[in-house]
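Below is one structure, written out as structure tokens; comments come after it.
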Amino acid sequence: MNRYKISTSISVVGKRLLNTVTGELYELTTAGLNLVAALNRGEADEKSTLFKRMLLEGVIVRVDEDLKKERFHLQWHLLNGCNLRCRHCYDEKQGSSPLAFEQMLTVTDNFVVFLRKTEFNGELSLTGGEPLLFPRLVELIEYIKSRDVFIALFILTNGTIPFGPELMAALTKHNVGVQISIDGNEAVHDEIRGEGNYQRSLATVKSLIASGVYPMVHYVIMKRNSVVIEEFLADMLAAGVKRINFSNLVPIGPGAKEVALSPEENATVIEKIAVLQHKYPGISMLARRPLWHLAGSTGLCPVGLKTLTIDANGMYMPCRRLPIILGNSRTDTFFKVWFTSEFLQKMREREKYVKVCGKCPKADICGGCRAIAHAVYGDAFAVDPSCLLASKVV
């Protein structure tokens, strides 16, 4: 059964409904008053003519996920501050000018309007830096989940800071997903992220699972950790993890000093993970990313199609690992950025611009990683240097 509520833009004024955004005023009949009361009890008749009219006018809004619609993903970096200095990080951790909290609320409202007009469900990842260092995280979660559209919410964290009771309550109340970064077995992870941090992150994983929250774990594949993946998977399975998200190193920021896999090594690792998926069926690990067609998956880069990023300075980017400024969230709406950006338009027609991929039979399900191409060649439409097929396509 679908879930509905009175829009947050609507205020009940006696026997009238006032849209506080547009100024429209609706007279309430006895049937209307009864419908509002029924909505508050979760018992409204969706088939009634009055209900359908109020839904069309935006007085009533649906707040659960409409499975007929795709999700639009926003990755939002709330701050640049972090308690770690990881070797492979894409961020230099320089000073930033983050949005004020009131500006964050405005950005949230703008995102909601964008989702409703474009008829997407929402998906929003809150990250940093380290998002658990953001002092008003719970308050922001509550505001996002109170809006007039479905938004699946996730927190992307390094897992070294324990989740307090107030945050845990918000996760449970709003079904907020959590992703924790672990990049190898204990020795390799601590080599990358600092001594003792593997056990801290693993403790957070186990604590969340014990509380009924099953976190995903994110693993960045690079030369340094490519040989310990199976050992890592066995540890995660033992801890109760059900989902691993793999991604490849993008050599920018401090991560530019790390050694990435060659195309041949990358293909071998992806194919090995496909074998491991059969060996460990209790844990999902096949990524939906470029090049993962080698493992029978798909992964067309969603840039220009259904994703945006806002960095710690409040700037729109196509992807945080593709640091091309598209606009400023303080002054530019999602509509302006989404529909006027020449870069995003080129990404929607990438078969015309991406070297080699336009000729590749896997282009429609892969397209290469544009962030890696940009990092290595300074051109988002260059060949993905991690692709084994690129050298074989004429």
Using C-alpha positions alone, give me the convex hull volume of region 316-390 per residue in cubic angstrom. 85 Å³
Determine by what factor the alpha-carbon radius of gyration of region 109-256 differs from 2.2 N^0.38 Å, reporting the quotient. 1.12
When the helices in the chain are scored as -39500 (n - 2.57) per DSSP H run of 4 or longer and the sum is shared across all residues, what 222 nm value do you end up with, to the nearest 500 deg cm²/dmol? -10000 deg cm²/dmol
Share (percent) of C-alpha pair distances in the chain greater than 26 Å works out to 58 percent
Please compute the Kirkwood hydrodynamic radius of region 218-287 from all pairs of different C-alpha atoms, in Å with one decimal. 12.6 Å
Region 24-79: radius of gyration and largest Cα-Cα distance (Dmax), Å: 15.5, 49
Listed by chain and number, the lysines with an alpha carbon less than 16 angstrom from that of LYS68, same-chain partners under 8 positions apart left out, are LYS117, LYS306
Can you give me the accessible area per residue for the chain, using a 1.4 Å probe, in Å²? 47 Å²
Size-normalised alpha-carbon gyration radius of region 1-155, reference 2.2 N^0.38 Å: 1.27
Using a Gaussian network model on the chain with a 10 Å cutoff between Cα atoms, which of LEU56, LEU156, LEU84 fluctuates the most? LEU56
Please work out the Cα center distance from region 309-327 to region 151-204, rounded to the nearest Å. 24 Å
Summing Lys, Arg as +1 and Asp, Glu as -1, what charge do residues with Cβ under 13 Å from the Cβ of PRO290 carry, PRO290 excluded? +4
Surrounding charge for GLU258, neighbours by C-beta under 10 angstrom, Lys/Arg +1, Asp/Glu -1, total +4
Region 242-394 - Rg over Rh from alpha carbon coordinates, Kirkwood radius: 0.99
Just to confirm the number: angle between the C-alpha axis of helix 30-41 and the first principal axis of the chain, 0 to 90 degrees, nearest 10? 30 degrees
What figure in square angstrom, to the nearest 10, would you give for the accessible area of ARG147 with a 1.4 Å probe? 40 Å²
Interchain or long-range residues, amide H under 5 Å from THR307's placed H: HIS73
Pull up the DSSP beta bridges for the chain and report the antiparallel fraction as a percent, rounded to 5. 35 percent
Accessible surface of MET168 - all protein chains present, 1.4 Å probe, nearest 10 Å²: 30 Å²
Could you tell me what percent of the accessible area of the chain is made up of carbon and sulfur, with a 1.4 Å probe and every protein chain present? 53 percent
Between beta-carbons, use under 15 Å as the cut-off and find the net charge around PRO162, counting Lys and Arg +1, Asp and Glu -1. 0
Over all distinct Cα pairs, what is the inverse of the mean 1/r for region 126-180, reported as the Kirkwood hydrodynamic radius in Å? 11.4 Å
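The values are calculated or read from the model by the stated rules, or taken from the named source; none is laboratory data. If you're wondering where the values come from, they're calculated on a predicted model, not measured in any experiment. All Cβ positions, glycine included, derive from the backbone under ideal geometry; neighbour counts span all protein chains shown. Ligands, DNA and RNA are excluded from the accessible area calculation, which covers all protein heavy atoms including side chains. Shrake-Rupley method; radii C 1.70, N 1.55, O 1.52, S 1.80 Å.
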